[in-house]
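Novice: First the structure, which I've put down as structure tokens, then a few questions once you've had a look.
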Amino acid sequence: MVFVDASKLPGIPRHEFHVASPREWISAIQSEMKTDAAQQARPPQPTYVKEIVREVVKYPCPFCSSLIEVTSARCQFCGAPQR
């Protein structure tokens, strides 16, 4: 059994080869390289991004004229109650 451990090298996976004699090493390594290259040749999976857009509506306060959000119960600047 031959172990090729390249864990210290980024991007290179660890491979294990089960060979009976050293003469089979080259063919085992070449066949593993072909299967690894075929796996890397696949296109990458698409990345989906969910985008949420929220709109904040503001209007001028009838008492101090500063802009406040529609959902506010009171003006954050003057404290006046809103309708």
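Novice: Could you tell me how many of the residues in the range 48-83 are exposed (fewer than 11 other Cβ atoms within 10 Å of the Cβ), touching a Lys or Arg at 6+ places or on another chain (Cβ under 6 Å) and charged (D, E, K, R)?
Specialist: Adding up the residues that qualify gives 0.
Novice: Report, ordered by the first and then the second residue, all pairs with beta carbons closer than 8 Å, sequence separation of six or more or different chains, a first member in the range 42-63 that is farther than 17 Å from F77 by Cβ, and a second member that is of a type in the set (D, E, K, R) and outside any loop (DSSP other than H, G, I, E, B).
Specialist: Close Cβ pairs satisfying both conditions: V57/E69.
Novice: Tell me the residue from I52, I29 that is modelled with pLDDT of 75 or more and either aliphatic (A, V, I, L, M) or touching a Ser or Thr at 6+ places or on another chain (Cβ under 8 Å) (or both), please.
Specialist: Details: I29 fails: modelled with pLDDT of 75 or more.
None of the others qualify; the one that does is I52.
The values are calculated or read from the model by the stated rules, or taken from the named source; none is laboratory data. Keep in mind that this is a model prediction, so the values were computed, not measured. Positions of Cβ are generated from backbone atoms using ideal geometry, with glycine treated the same way; all protein chains shown enter the neighbour counts.
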